[in-house]
Amino acid sequence: MVAKGVSKRLVIDASVARSSGGEDATYPTSVHCRDFLQAVLDICHKIVMTSDIKEEWDKHQSIFALRWRRRMVAKGKFVFLKEVSGDKELWDKIDLIAATDKQRAEMFKDVRLLEAAIATDKTVISLDDNTARTFFSQAASEINALKDIVWVNPDKVEEETPIEWLKSGAKPESKRLLATWCDRVP
């Protein structure tokens with residue numbers, strides 16, 4: 001367990017909620033997402049949502065994720081941000097940096113995760129490595145607000161050891177920052 005006082009507020013993408021399986025799940029991604037969410041519940045960390053993020057969860061969450069979220073609320077581990085002011089400068093920079101319309105759409109779809117992370121403890125949990133994480137890590141060289149964002153994929157149990165990271169306080173280690181992640185991609 002993590003020592004009291006080091007609780008992190010985590011922005012967890014609906015991709016994790018959708019993929020988390022119940023106790024009988026056998027598909028590795030379902031098991032990894034379930035185990036990660038369970039660790040968040042058991043450790044002192046909290047989940048952060050905005051109305052947009054909540055709407056995505058409501059549409060896509062598994063039965064396990066729904067029950068998990070209810071337990072998080074009951075334990076006081078749910079942080080709802082009523083208003084996250086849209087960072088027009090961030091949106092404009094992403095618009096300029098995007099190389100294609102497809103890339104722009106992918107980035108705009110997930111920029112709300114970044115806005116919530118910037119407003120809290122700068123941490124995003126998502127399965128999306130191929131589009132958002134890659135695009136945002138490339139943009140971090142030009143957008144200062146993205147440099148210190150931690151991005152963790154709960155399905156990368158060998159490479160990223162996400163549960164051990166949670167247990168040790170979910171610290172913003174260099175290897176997890178968007179600013180350095182692009183350098184690690186083959």
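The values are calculated or read from the model by the stated rules, or taken from the named source; none is laboratory data. Computed from a predicted structure; not experimentally measured. Every residue, glycine as well, gets a Cβ built from its backbone with ideal geometry; the counts of neighbours run over all protein chains shown. Only protein heavy atoms, including side chains, enter the accessible area calculation; ligands, DNA and RNA are left aside. Shrake-Rupley method; radii C 1.70, N 1.55, O 1.52, S 1.80 Å.
At 222 nm, what helix-only mean residue ellipticity would the chain give, in deg cm²/dmol to the nearest 500, using -39500 (n - 2.57) for each DSSP H run of four or more? If you can, show how the numbers build up before the last one.
Working: 11 runs with 99 residues, N = 186.
So the helix-based figure for the chain works out to -15000 deg cm²/dmol.
List every residue whose amide H lies under 5 Å from the amide H of Ile12, counting only residues 5 or more places away in sequence or on a different chain, with H placed 1.01 Å from N in the peptide plane.
Correct list: Val48, Ile125.
Counting only heavy atoms of the protein chains, get the accessible area per residue of the range 1-63 (1.4 Å probe) and round it to a whole Å² value.
Value returned for the range 1-63: 47 Å² of accessible area per residue.
Just to confirm, what accessible area per residue do you get for the range 64-186 at 1.4 Å probe, in whole Å²?
Values: 6430 Å² over 123 residues.
Accessible area per residue, the range 64-186: 52 Å².
Would you calculate the separation in nanometres between label points at Leu66 and Val157, each defined as 7 Å from the Cα along the Cα-to-beta-carbon direction?
2.6 nm
For the chain, what proportion of DSSP beta bridges, expressed in % and rounded to the nearest 5, is antiparallel? Let's see the in-between values first.
Working: 1 of 12 bridges.
The answer is about 10 percent antiparallel.
Which percent of the accessible area of the chain is formed by carbon and sulfur heavy atoms (probe 1.4 angstrom)?
Carbon with sulfur: 50 percent of the solvent-accessible area.
On full extension of the chain, what length is gained from Tyr27 through Lys82, given 0.36 nm per residue of separation minus the C-alpha to C-alpha distance?
Details: separation 55, 0.36 × 55 = 19.80 nm, distance 3.52 nm.
Stretched fully, the Tyr27-Lys82 segment lengthens by 16.3 nm.
Gaussian network model of the chain, Cα springs within a sub-10 Å range: biggest mean-square fluctuation belongs to which of Ala25, Ala116, Ala39?
Most flexible of the set in this elastic network: Ala25.
If a/c stays under 1.5 just call it rounded; otherwise compare a/b with b/c (prolate if a/b is bigger, oblate if not). Do that for the range 79-186, with a ≥ b ≥ c from the square roots of the Cα gyration tensor eigenvalues. Don't jump to the answer; show the numbers that get you there.
Working: a/c = 1.87, a/b = 1.29, b/c = 1.45.
Oblate is the answer for the range 79-186, as a/c is 1.5 or above yet b/c matches or exceeds a/b.
Sorting check: for 130-137, 93-100, 49-56, which peptide has the highest mean count of neighbouring beta carbons within 10 Å, and how do the rest follow?
On the way: 130-137: 20.1, 93-100: 14.2, 49-56: 17.4.
For the peptides 130-137, 93-100, 49-56, the packing ranking is 130-137, 49-56, 93-100.
Rounded to the nearest 0.05, what FRET efficiency is calculated for Ala74 and Asp52 with R0 set to 30 Å and r the Cβ-Cβ distance? Could you put the intermediate results ahead of the total?
Details: r = 23 Å, r/R0 = 0.78.
Approximately 0.80, to the nearest 0.05.
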